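In what follows, a single structure is set out as structure tokens and then discussed.
The values are calculated or read from the model by the stated rules, or taken from the named source; none is laboratory data. The structure displayed is predicted, hence computed values, not measured ones. For neighbour counting, all protein chains shown are included, and Cβ atoms are generated from backbone atoms with ideal geometry for every residue, glycine included.
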Amino acid sequence: NMAITRASLLAILGCLCFCSSALGARELNDDLSMVARHEGWMAEYGRVYKDAAEKAERFEIFKANAKFIESFNAGNHKFWLSINQFADLSNDEFRATKRNKGFIPNKVKVPTEFRYENMSFDALPATMDWRTKGAVTPIKDQGQCGRYIYA
């Protein structure tokens, strides 16, 4: 009876060791795959770190962002996310560099000289090409502005 219990415990222990080593091997394989992704991303975006410590820190952020993207894309959304040039930035770092840096909203209302008048719509043209009036600029990259509406 004692021998059967001991044999059962050894069998269970053996299974646990096997399963944990299999999980460990999978995690190692996942990490190696992520390291390869990070290295490829660094090459694509020309990213170089000052030392191994910074690279390790940025890799952990990259890995967390990549896992978030994979998790999000696994859901049922109308859009999907992908890795971009900001993949090694934390949320706080991204916000600090891309959110209207130094913008101070003007809370004072300035009166305008324009006054509404009774106008006849008959005097207005049927169409207006604002490009010919110089009122519309070409689309451009607004850089740090972070708002599509200005394009």
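Tell me which residues, restricted to the range 34-78, are in a helix (DSSP H, G or I), over 16 Å from the mean Cα position of the chain (by Cα) and not acidic (Asp, Glu).
Met34, Val35, Ala36, Gly40, Ala43, Ala52, Ala53, Lys55, Ala56
What number of residues within the range 45-102 satisfy the criterion of being aromatic (Phe, Trp, Tyr) and out of contact with any helix residue (DSSP H, G or I) (no Cβ under 9 Å at 6 or more places or on another chain)?
Of the residues in the range 45-102, 5 are aromatic (Phe, Trp, Tyr) and out of contact with any helix residue (DSSP H, G or I) (no Cβ under 9 Å at 6 or more places or on another chain).
Across the range 99-139, which residue is nearest to Ile61 (Cα to Cα) among those that are surrounded by 10 or more Cβ atoms within 10 Å (Cβ to Cβ) and modelled with pLDDT of 70 or more?
Among residues in the range 99-139 that are surrounded by 10 or more Cβ atoms within 10 Å (Cβ to Cβ) and modelled with pLDDT of 70 or more, the one nearest to Ile61 (Cα to Cα) is Val136.
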